[in-house]
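The values are calculated or read from the model by the stated rules, or taken from the named source; none is laboratory data. Predicted, not measured: the structure shown is a model, and the values here were computed from it. Quick reminder, even Gly has a Cβ in these numbers, built from the backbone with ideal geometry, and neighbours come from all protein chains shown.
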Amino acid sequence: MDALDVTLRLVAVLLAFLLLPLLVGQTEHKVMAHMQGRVGPMYAGGFHGWAQLVADGVKFAQKEDVVPAAADRRIFQLAPAVALIPYLLVLVAIPVAPDGGVGQAIDAGIFFVLAVMGVGVLGSLMGGWASANKFSLLGGLRTAAQLMAYELPMLLAAASVAMAAGTLSLPGILDAWEWWWLPWQIIGGLVFFTAGLAELQRPPFDAPIADAEIIFGAYTEYTGLRFALFLLAEYAGIVVVSALTAVLFLGGWHGPFAGTLGWLWMLLKTGVLAFGVIWLRVSYPRLREDQLQRVAWTVLVPLALLQIALTGVVKVVM
């Protein structure tokens with residue numbers, strides 16, 4: 001791989017990192033406006049509220065950057081970057097086309113992306129602890145409990161795919177992927193996607209934020225662009241979780257004319273899953289903290305173990 005090829009791949013990853021989360025954020029405004037009758041996001045800029053995202057950006061840029069006097073200033077300021085940057089690193093390892101369309105092929109790609117995503121969640125913990133606010137601390141503690149509960153089923157579901165493909169490399173998994181994996185790995189796919197939503201603290205798994213109970217959780221004291229970075233990290237997480245689900249369970253770039261349209265199939269599958277994330281936010285109420293833990297330990301973990309056992313049986317029979 002020459003220097004020009006590396007540069008082009010890095011530019012493509014940066015553009016995707018900058019554009020796709022913003023597109024998801026704009027789509028969320030429009031979907032919620034239609035499904036919940038929220039007319040506000042339909043006015044900014046005229047036709048269909050096309051400038052709503054621009055208006056939000058201007059609003060955040062104009063807000064004062066406030067740091068609480070009692071806060072741990074360095075950690076408070078570092079937390080938004082810790083929450084956002086790991087998702088950029090994950091995008092580097094996600095294959096988007098059959099001709100090597102990936103920032104960097106990593107032999108242990110599954111371990112890399114899941115480990116880096118876990119680091120991103122630390123941004124919420126850092127912000128909650130450093131804010132010197134009881135509600136922020138409570139949100140951070142809920143985030144920690146949720147991370148520990150949902151990391152395990154997510155890892156187990158990904159391990160099932162690695163067993164089936166016989167490799168930890170994401171491009172290698174796609175090379176081994178077959179259409180009949182869809183019914184075979186559907187349990188693991190549901191577990192992985194659900195656990196991913198919980199790690200992103202997206203509804204109905206948003207007890208760590210719970211604006212009706214603890215103001216806005218770990219982000220209560222954040223204003224202006226620092227708060228906007230946390231929102232951007234959330235939308236980047238939606239893109240990453242949707243893309244990983246598409247790669248591991250839906251065949252990624254596999255589809256008709258994959259040789260030339262593989263990247264389009266990848267984007268389409270990622271977009272459909274991202275729409276599902278938004279649809280869930282609009283449709284379902286928040287789970288209580290005890291319900292969150294019960295879903296993780298009594299539903300998702302047993303289902304993930306069942307998927308691993310099923311994968312083992314199928315591999316032995318084959």
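Return the only residue of LEU305, LEU280, LEU268, LEU300 being buried (at least 17 other Cβ atoms within 10 Å of the Cβ), among the hydrophobic types (A, V, I, L, M, F, W, C) and either modelled with pLDDT of 85 or more or closer than 25 Å to ALA207 by Cα (or both). It is LEU300. Which one is nearest to VAL247 (Cα to Cα), of the residues in region 178-214 that are crowded, with 19+ Cβ neighbours inside 10 Å, of a type in the set (A, V, I, L, M, F, W, C) and modelled with pLDDT under 85? Ranking the candidates gives TRP181 first. Annotation: ALA309 fulfils all but one of (1) under 30 Å from LEU22 (Cα atoms); (2) part of a helix (DSSP H, G or I); (3) of a type in the set (Gly, Ala, Ser); (4) free of Cβ contacts under 8 Å to residues at least 24 places away in the same chain; the unmet one is (1).
Per-residue answers, yes or no, for (1) at negative phi; (2) at pLDDT 90 or above:
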site	(1), (2)
ALA83	yes, no
GLY100	no, no
PHE112	yes, yes
MET148	yes, no
LEU155	yes, yes
ALA159	yes, yes
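Within region 149-161, the set of residues being surrounded by fewer than 22 Cβ atoms within 10 Å (Cβ to Cβ) and either farther than 27 Å from ASP290 by Cβ or more than 19 Å from the chain's Cα centre (by Cα) (or both) comprises just one member, ALA159. Considering only residues in region 38-66 that are among the hydrophobic types (A, V, I, L, M, F, W, C) and in contact (Cβ under 8 Å) with a residue 40 or more places away in the chain, the one that is surrounded by the fewest Cβ atoms within 10 Å (Cβ to Cβ) turns out to be ALA61. Inside region 217-243, residues that are in a loop (DSSP other than H, G, I, E, B) and either under 30 Å from GLY188 (Cα atoms) or β-branched (Val, Ile, Thr) (or both) make up a count of 2.
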